[in-house]
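The values are calculated or read from the model by the stated rules, or taken from the named source; none is laboratory data. None of the values given here were measured: they were computed from a predicted structure. Heads up, the Cβs are rebuilt from the backbone with ideal geometry, glycines too, and the neighbour counts pull from every protein chain shown. Heads up: the accessible areas ignore ligands, DNA and RNA and are worked out on the full protein's heavy atoms, side chains in. Shrake-Rupley method; radii C 1.70, N 1.55, O 1.52, S 1.80 Å.
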Amino acid sequence: MIESARKTERPHRALYSLVQYCPDLSRLEVANVGVVVFCAELNYLDVRMSRNHTRISQMFGRGQRDLQRL
């Protein structure tokens, strides 16, 4: 029964935005660290962030980071 209800539900428009970390603004290299999703029709807003800084360490090394910007 749940499966048939999903088939009749219409799609909703939503907006999303990537959350990016850029350690050096002069180089403009970024790593995606999260996503924000918003759907006004469903009154839905959600934010998902990376649970660790592994990707940032892989891309930019393990040097000093501005933790306020993470």
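Can you find a residue that is modelled with pLDDT of 80 or more and surrounded by 11 or more Cβ atoms within 10 Å (Cβ to Cβ) anywhere in the range 50-59? So far as the range 50-59 goes, yes, one or more of its residues are modelled with pLDDT of 80 or more and surrounded by 11 or more Cβ atoms within 10 Å (Cβ to Cβ).
So for the range 41-59 (the condition being within 29 Å of E9 (Cβ to Cβ), free of Cβ contacts under 8 Å to residues at least 24 places away in the same chain and among the charged types (D, E, K, R)), does at least one residue qualify?
yes
Considered as a group, the residues in the range 28-39 that are modelled with pLDDT of 95 or more and not β-branched (V, I, T) include one that is least open to solvent (accessible area, probe 1.4 Å), and that residue is C39. Only one of the numbered conditions (1) part of a loop (DSSP other than H, G, I, E, B); (2) at pLDDT 85 or above is not met by L25, and that is (2).
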